[in-house]
1. Given a 10 angstrom Cα cut-off, can you work out which residue in 246, 35, 115 is the most mobile in a GNM of the chain?
2. Over the residues of the chain, compute the C-alpha Rg and express it relative to 2.2 N^0.38 Å.
3. Nearest 0.05, what FRET efficiency do residue 26 and residue 235 give at R0 = 35 Å with Cβ-Cβ as r?
4. Please build a GNM for the chain, connecting alpha carbons under 10 Å apart, and tell me which residue among 22, 206, 101 fluctuates the most.
5. Can you say what percent of the DSSP beta bridges in the chain, counting only those with both residues inside, are antiparallel? Round to 5.
6. Using just the C-alpha positions of the stretch 65-155 as equal point scatterers, what log10 of I(q)/I(0) does the Debye formula give at each q in 0.14, 0.19, 0.23, 0.24 1/Å?
7. Considering the alpha-carbon set of the stretch 185-225 alone, what are its Rg and its Dmax in angstrom?
8. Please give, to one decimal in nm, the separation of the simple spin-label points placed at residue 53 and residue 125, each 7 Å out from Cα toward the Cβ.
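Since every read-out is calculated from the coordinates, none of them should be taken as a lab result. Here the structure is a predicted model, which is why all the values come from computation and not from measurement. As a convention, Cβ positions derive from the backbone with ideal geometry for all residues, glycine included, and neighbour counts pool all protein chains shown.
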C-alpha cells in the first residue's frame with residue numbers, strides 16, 4: 001500500500017471511530033511503529049488530526065473568523081438563542097471571542113440590563129445599540145485574525161471581575177482531553193475567564209465535539225452548560241453528561257414564512 005493510500009485509510013478510520021491508536025494501526029497495516037508515527041505526524045502537520053499520547057484524535061475545522069461569521073445557519077441561530085436565555089438582568093457576564101459568542105451577543109434582547117465584559121471587538125460593537133448594557137472592553141494586543149484582544153493585560157484585567165456567567169467560545173471539546181484551542185494566547189484568556197465566572201456555558205456544534213487541539217484550556221468539568229445541536233445522537237452526548245455538564249439540545253426555529 002502506498003503512503004498516500006495508507007494515510008487516507010487512517011483518516012477514514014479516524015472519521016468512523018473518533019480516534020486511532022498506534023498499536024492498532026501497526027497491526028492493521030502490518031508496518032513498523034516508525035512508519036505509523038511518521039504518517040500521524042505528517043497528517044498532524046497538515047492540520048488533519050491532533051496527535052495525542054498513543055495515537056490521534058480528530059481536529060476541529062477552523063476556517064478564518066470572517067468566514068465563520070458569514071456562514072450563518074439556522075443551527076447557529078438556534079444555539080445562540082438557547083445560550084442567550086441564560087443571561088438575565090443584573091448579571092455580570094464575560095463574553096469570549098469567536099463567531100458563536102458573537103451570535104449569542106446579537107441574540108440578546110435590547111431591553112437587557114447587564115454588564116458585559118469582553119475581549120472581542122465584534123461582540124463589543126454588536127452591543128452598541130443595547131442601551132441598558134454596560135460594556136467593558138478588555139484592552140491588550142489585538143489579534144487581528146481573531147478580532148480579539150489577547151495578552152497579559154487582558155488576563156490581569158479579568159482578575160478584577162467576579163462574573164455570574166462566562167459565555168465561552170470553544171474550538172474543541174473531548175471527554176478525555178477536555179476543552180482545547182488552536183492558539184496559545186487565546187487559550188490563556190479563555191482559562192482566565194473560566195476561573196472568574198460562577199458558571200460557564202459553551203456553545204458548540206457537532207463539528208467541535210470529540211475533537212482536540214494543541215492547547216488545553218481545562219477539563220470538561222470546568223463547563224456548567226453545553227449548548228449543542230438537537231440532531232446529535234444522545235449516546236454522543238452521554239460522556240459529557242457523565243462529567244456533570246448540563247447539556248441543552250437547541251431546536252432550530254422554523255424559518256419565517
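1. Taking springs between Cα atoms under 10 Å, the residue moving most is 35.
2. Cα Rg divided by the expected 2.2 N^0.38 Å: 1.07.
3. FRET efficiency, residue 26 to residue 235: 0.75.
4. Result for the chain, Cα springs under 10 Å: 22 fluctuates most.
5. Taking every DSSP beta bridge within the chain, about 35 percent pair in antiparallel fashion.
6. After summing over all Cα pairs, the log10 values are -0.48, -0.86, -1.18, -1.25.
7. Answer for the stretch 185-225, Rg first and Dmax second: 10.6, 27 Å.
8. 4.4
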